[in-house]
Amino acid sequence: MSASVRRLGREHEADHRLDASVAEHTGDAMLSDHICRGVHNSQMSETSNLPAVENRTLSHAFERVLRESPDKVAHIGDEAQYTFAQAHERALRIAGALSALGVRRQDTVAFLLDNSLDATHTWMGITLGGMIEVPINTAYVGDFLVHILNDCGARVIIADAVYVDRVVAVADRLTDLHTIIVRGDARTSAGALQCVPFSSLTAAEPADVVPNRAEDLVAYMYTSGTTGASKGVLITHAHAYTYASREDRPTPTSNDRFLVTLPVFHLAGQWYGEYQALIHSATAIIRSGFSVSGFWPTVRKHDVTYTLLLGAMAEMLQQRPAEDDDADNPLRLAPMAPLASNIRDFCERFALDAEPVYGMSEIGAVMGCAPKDLKPGGAGLARNGYQLRIVDEQGNDVPPGNVGELWVRADSPLMMMSGYHRLPEKTAATLIDGWVHTGDAFRVDDDGHYFFEDRIKDALRRRGENVSSFEVERVINTHPDVLESAVVAVPSELSEDEIKAVVVLRDDVQLDHRSFIRYLAGNMPYFMVPRYVEVIDELPKTPTQKISKHVLRDRPIGGSVWDRVAEGIEVTRRGTNA
């Protein structure tokens, strides 16, 4: 029996690649017969088997799996695998090392890590140690990094070696950070920051097991808003556990084998993938990202039975030429966010079941349904434990079939956001009388199935990433040739959005599109770089001088619109060929 089990007992490539991007919304599209006092009450019919809210913590999940199957393989990576007992032991060593560096319970720890077994055990160690994780999108550079690190107040960051120089480059602008833990090369210095090798974490003395509390914060999850910089959603242990758990559903079970390709720095990869597998005592196969050509070989090699797919991922798989062995695979269930555009054919072609899911960082996973009940294009039924309303601009409930804003309230306030970090006014505007105003437009049909219609807020969503038009415009407007700009969403052939920038140039200049893309790629995350660029003389505006973005959205793609994809220009995590 491992030391971690004893301690617990003592105290209770690809031709196409979706580069680790996902949703804060879990697709921010994961999870009534009648309207009763304004609340749509038809819900998923399964009986909830979730533990009491006060027991919804990572330490509770580990306690259960270590009692029942400590020697079962928990995590399989490219070069190693760990049992649940070994993973727990390793996570506690990381927690102990962080504690020795001066990190206390409910202090923040940031990380800038791609998917790996080390990354998995890092967030688990931070959480078991009662600390607060701050995952950072590995595409972030410059101002984006500075904002999150200063806002969260982290004094320690754990980073893959390839990302260290990004942190060092902005170190003189960071107010709290003093230590960087480097996973990878044998770097011994990082400018003014104390540099610590990751290997010292996993060799440290394990922390003592101190059970987590449901009300403690587990994470600041930064999510792009419609205006201003990203906001840190304050998430409790109970919130994270409820999001991750499917104990109110018949699947998955401990016999399932999960494939996790979505990034650990987002909810869908970390919690709907790795945490969910732990809760259900299932084995998780961790991969660095999603590859269309590598997906089915990986599924077959590892006997994968369960995986979450973003809509764009499903579309890529669906668009590949049919193969004779498409149905010859072990995958039996693929929750999707959102559902593939031709979901019936997708399921038949690959001989699997699919389920819709809808959720957000702020509310958790609040919709879904069994495969037999799904409706094409739908997000499912309301999940037990949550009340949903669809309201008009005055806050009045609308009847089935009408479109309005989705409001959500949980049976326990611990199951939803506690607020936005250091943003009391934005918290008060979003969380009102226990209801989270999602900013998403929905309708519900007479059977109680919900359908996502649009984003009321002026945000975009590209391949699983929420993108703030404000943040993209802010960078565009720093280009020396640009007078002003507006960024809007246009339809994508893969689902979700493509990004179009409409720019007004300064006098007597012409735009060099390739140079413009190089500039943007060097100053914003790759997934924010617009695909389309349109130069116009003047932006349409309201009498109060607000940009009329609906006019820009309605403008056709073509004519004066420049398309970087058509020009053969790629923008990836590693750079651009512009």
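Some notes on this structure:
- Test: residue in the stretch 463-471 that is in a loop (DSSP other than H, G, I, E, B) and farther than 21 Å from Leu494 by Cα: no
- Those residues of the stretch 432-444 which are open to solvent by 50 Å² or more (accessible area, probe 1.4 Å) and either touching a Lys or Arg at 6+ places or on another chain (Cβ under 9 Å) or closer than 15 Å to Leu234 by Cβ (or both), in sequence order: Asp433
- Qualifying position, being open to solvent by less than 60 Å² (accessible area, probe 1.4 Å) and acidic (Asp, Glu), among Glu471, Glu453: Glu471
- Lone qualifier among Val146, Val164 - being open to solvent by 10 Å² or more (accessible area, probe 1.4 Å) and not basic (Lys, Arg): Val146
- Residue in the stretch 173-221 that is farthest from Ile456 (Cα to Cα), counting only those that are of a type in the set (Lys, Arg) and surrounded by fewer than 22 Cβ atoms within 10 Å (Cβ to Cβ): Arg187
- Comparison of Glu534, Glu570, Glu538 shows that the only residue that is among the acidic types (Asp, Glu), closer than 27 Å to Phe144 by Cα and open to solvent by 60 Å² or more (accessible area, probe 1.4 Å) is Glu570.
- The residues of the stretch 348-395 that are open to solvent by less than 40 Å² (accessible area, probe 1.4 Å) and part of a loop (DSSP other than H, G, I, E, B), listed by number, are Leu352, Ser361, Glu362, Ile363, Cys369, Ala370, Leu374, Gly378, Ala379, Arg383, Gly385, Gly395.
- Scanning the stretch 222-245 for residues that are of a type outside the set (Phe, Trp, Tyr) and open to solvent by 10 Å² or more (accessible area, probe 1.4 Å) gives Ser224, Thr226, Thr227, Gly228, Ala229, Lys231, Leu234.
- Neighbours by Cβ (under 7 Å, 6+ apart or cross-chain): first from the stretch 448-477, farther than 19 Å from Arg531 by Cβ; second open to solvent by 60 Å² or more (accessible area, probe 1.4 Å): Gly448/Asp33; Phe451/Arg443; Glu453/Val403; Glu453/Arg443
- Residue list for the stretch 261-279, filter: part of a loop (DSSP other than H, G, I, E, B) and within 16 Å of Ile76 (Cα to Cα): Thr261, Leu262, Pro263, Val264
- Members of the stretch 396-412 that are assigned to a loop (DSSP other than H, G, I, E, B), open to solvent by less than 50 Å² (accessible area, probe 1.4 Å) and among the aliphatic types (A, V, I, L, M): Val398
- Count of the stretch 413-426 residues, restricted to those that are touching a Gly at 6+ places or on another chain (Cβ under 8 Å) and open to solvent by less than 20 Å² (accessible area, probe 1.4 Å), is 3.
- Here Glu465, Glu493 are screened, and the one residue that is buried (at least 22 other Cβ atoms within 10 Å of the Cβ) and not hydroxyl-bearing (Ser, Thr, Tyr) is Glu465.
- Number of the exception - His550 against (1) part of a helix (DSSP H, G or I); (2) surrounded by 17 or more Cβ atoms within 10 Å (Cβ to Cβ); (3) of a type outside the set (D, E, K, R): (2)
- Of the listed requirements (1) closer than 14 Å to Trp123 by Cβ; (2) open to solvent by 10 Å² or more (accessible area, probe 1.4 Å), Ala277 misses just one: (2).
- The set of residues from the stretch 501-528 being part of a loop (DSSP other than H, G, I, E, B), of a type in the set (A, V, I, L, M, F, W, C) and over 19 Å from Ser468 (Cβ atoms) comprises Val509, Leu511.
- The residue of the stretch 319-347 that is most open to solvent (accessible area, probe 1.4 Å), among those that are at pLDDT below 95 and in contact with a Phe, Trp or Tyr (Cβ under 8 Å, 6 or more places away or on another chain), is Pro338.
- Residue that is modelled with the lowest pLDDT [pool: residues in the stretch 287-304 that are open to solvent by 10 Å² or more (accessible area, probe 1.4 Å) and touching a helix residue (DSSP H, G or I) at 6+ places or on another chain (Cβ under 9 Å)]: Ser291
- Long-range neighbours under 6 Å by Cβ, at least six apart or interchain, first residue of a type in the set (Phe, Trp, Tyr) within the stretch 257-281, second modelled with pLDDT of 95 or more and part of a loop (DSSP other than H, G, I, E, B): Phe258/Ala282; Tyr272/Leu308
- Residue match in the stretch 69-85 (condition: open to solvent by 30 Å² or more (accessible area, probe 1.4 Å), modelled with pLDDT of 95 or more, assigned to a helix (DSSP H, G or I) and at negative phi): no
- Where helices (runs of 4 or more DSSP H) fall wholly inside the stretch 96-173, the ranges with 1 or more residues that are at pLDDT 95 or above, among the aromatic types (Phe, Trp, Tyr) and within 23 Å of Asp208 (Cβ to Cβ) are 117-128.
- Selected residue (criterion: surrounded by the most Cβ atoms within 10 Å (Cβ to Cβ)) from residues of the stretch 553-567 that are within 28 Å of the chain's Cα centre (by Cα) and assigned to a loop (DSSP other than H, G, I, E, B): Arg564
The values are calculated or read from the model by the stated rules, or taken from the named source; none is laboratory data. The model shown is predicted, which means the values in this text are computed figures rather than measured ones. With ideal geometry, Cβ positions are generated from the backbone for all residues, glycine too; neighbour counts draw on all protein chains shown. All accessible areas refer to the heavy atoms of the entire protein, side chains included, with ligands and DNA or RNA removed. Shrake-Rupley method; radii C 1.70, N 1.55, O 1.52, S 1.80 Å.
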